[in-house]
Amino acid sequence: MRKPSVKAHQARLTVVSSGNFARGYGGIAYLAEALHTRGAAVQVIAPIPLDQMADVRRFAFPTRSIYSTTPRSSWLSRRMFHLELALTGVFRDTAWLFSDLSFFREAVAIRRLRQHSQLIHYCTELLTPEEFPDLRNTNFYAKHAGVPDLIIDVNQARAARRRERFGLLQEILVLPNTLPLSEIPRPAPSGTLAQLAGGELPEGTPVLLYAGGTHAGAALDSIVAAVAGLDRPAFFLAFCHSELADDVVRFRDMVNDRLGFRQGRVCPAVPRQALLACMHEAAVGLVTYPYSAAPSWNQLHCAPTKAYECIATGLPIAASANPSLQALVADRAVGACAADDSPAALRDAIGQLLAQPARLRAMSERAKRMFVEELCFERVSSPVVNRIMDTLDSIPQ
């Protein structure tokens, strides 16, 4: 366990996470850990399955789970937790950091009932009622987005759009969805990727790696069409997660029909650390968020952790035509972006990378160096951590 600095800060910070960071992306946990290391008294509350609580013990801050195993008990426990949050917010002497919208109503109530407390809102998504009318709390958020004292967004374009759409006047900090150096494992021995994939991979054939969801915004049919149209041999390997198992099955059937077992394989998701350790064995990582598949500002200015994982492990990226991916991938020369959202454009971006093995190797080395020097969480989080610590310092003791 890392210990706080000698000059410990005594102000308390309660972090309420909308998502499970035990095995998925842990941006809120990385931030909580950094604040704990700086001396803040941090407690995190999150919906983490009890059998995954052991996975969060690598963090030094205490974590409380609000997860239940059955739909009925889950509904009841969440209702009770909503009530507990509102009551605790009135009486507990702490600053609050909420992520996204699941508990935003309670966040607003706390801020209004306890005026001198500080409220920080960590926004990993940009959800407007116009673009996401069926999502809960978007209308409430639109009316009360200006209540928090401090807002954290995940890229500059989203922050600018958030400020414009909701008329925000307060400070918006930007914390990209990257990872700490401590989360990047040592490279695994050659052959580990094949073991994760459940069988041998074609020898001498470059592997195109996709690791993500099966949601509509990923445009998986376009990815498969792009791979099928390549004029050189390549093997498509996917590790997919989905709340609906049938989605993965349908994707597997699509890959089998279009590519065949000699050119593609779809596997269930594997633990993040296990995949990070062998991503270097692939030739190209696929990161796609085409705007045409899910027209929204959230999709256009995507902020995928997968891109940072590829960069950290030295895996060149073939990406869709999003401005945020263009700035991170193509402009930094760690991969290539499609010219538009068509399968042909993605095919050309992949083909451009595969046609130049020496350039791929140079991109790999540049990506790993760039991650350490510019893009890791330790580098990009310092302004955000400093600003939050200043906020905690300003709370009357």
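The values are calculated or read from the model by the stated rules, or taken from the named source; none is laboratory data. Fair warning: this is a prediction, and the values are worked out from it, not measured in the lab. Cβ atoms come from the backbone with ideal geometry, glycine included; neighbour counts cover every protein chain shown. We work out accessible area using only protein heavy atoms, side chains counted, and drop any ligands, DNA or RNA first. Shrake-Rupley method; radii C 1.70, N 1.55, O 1.52, S 1.80 Å.
Before moving on, here are some points about what is shown:
- Annotation for region 344-357: at least one member residue is charged (D, E, K, R) and open to solvent by 30 Å² or more (accessible area, probe 1.4 Å).
- Among the candidates 302, 240, 278, residue that is in contact with a Ser or Thr (Cβ under 9 Å, 6 or more places away or on another chain), without any contact (Cβ under 8 Å) to a residue 24 or more places away in the chain and closer than 29 Å to residue 30 by Cβ: 302
- You will find that of 146, 212, the residue that is more than 30 Å from residue 394 (Cβ to Cβ) and either without any contact (Cβ under 8 Å) to a residue 24 or more places away in the chain or not β-branched (Val, Ile, Thr) (or both) is 212 and no other.
- Selection of region 262-279 for residues being outside any strand (DSSP E or B) and within 17 Å of residue 204 (Cβ to Cβ) yields 262, 263.
- Pairs with Cβ under 9 Å, 6+ apart, first in region 164-181 and closer than 11 Å to residue 379 by Cβ, second of a type in the set (Lys, Arg) and open to solvent by 10 Å² or more (accessible area, probe 1.4 Å): 178/379
- Of the residues making up region 163-208, those that are assigned to a loop (DSSP other than H, G, I, E, B), polar (S, T, N, Q) and within 23 Å of residue 282 (Cβ to Cβ) are 177, 178, 190, 205.
- Just one of the listed residues (252, 265) is of a type in the set (D, E, K, R), touching a strand residue (DSSP E or B) at 6+ places or on another chain (Cβ under 6 Å) and modelled with pLDDT of 95 or more, namely 265.
- Pairing residues of region 334-357 that are part of a strand (DSSP E or B) with residues that are open to solvent by 50 Å² or more (accessible area, probe 1.4 Å), at Cβ distances under 6 Å and at least 6 apart in sequence or on separate chains, gives 336/352; 337/326.
- Number of the exception - residue 122 against (1) under 19 Å from residue 46 (Cα atoms); (2) surrounded by fewer than 19 Cβ atoms within 10 Å (Cβ to Cβ); (3) of a type in the set (Phe, Trp, Tyr): (2)
- One residue from 216, 234 being out of contact with any His (no Cβ under 8 Å at 6 or more places or on another chain) and open to solvent by less than 30 Å² (accessible area, probe 1.4 Å): 234
- In summary, residue 319 fulfils each of the numbered conditions (1) surrounded by 21 or more Cβ atoms within 10 Å (Cβ to Cβ); (2) under 30 Å from residue 52 (Cα atoms); (3) touching a residue at least 24 places away in the same chain (Cβ under 8 Å); (4) not polar (S, T, N, Q) with the single exception of condition (2).
- Checklist (1) surrounded by 14 or more Cβ atoms within 10 Å (Cβ to Cβ); (2) closer than 30 Å to residue 351 by Cα; (3) out of contact with any Asp or Glu (no Cβ under 9 Å at 6 or more places or on another chain) applied to residue 199, failing item: (1)
- Checklist (1) under 22 Å from the mean Cα position of the chain (by Cα); (2) free of Cβ contacts under 8 Å to residues at least 12 places away in the same chain applied to residue 120, failing item: (2)
- Every residue from region 275-332 that is under 18 Å from residue 377 (Cβ atoms) and among the acidic types (Asp, Glu): 309
- Scoring residue 325 on the criteria (1) of a type outside the set (Ser, Thr, Tyr); (2) open to solvent by 10 Å² or more (accessible area, probe 1.4 Å); (3) over 25 Å from residue 249 (Cβ atoms); (4) in a helix (DSSP H, G or I) leaves a single failure, condition (2).
- Every pair of residues 6+ apart whose Cβ atoms lie under 7 Å, when the first sits in region 14-38 and is without any contact (Cβ under 8 Å) to a residue 40 or more places away in the chain while the second is part of a helix (DSSP H, G or I) and buried (at least 21 other Cβ atoms within 10 Å of the Cβ): 21/28; 21/29
- The strands (runs of 3 or more DSSP E) falling completely within region 12-127 that include 3 or more residues that are at pLDDT 90 or above map to 12-16, 41-46, 95-99, 119-122.
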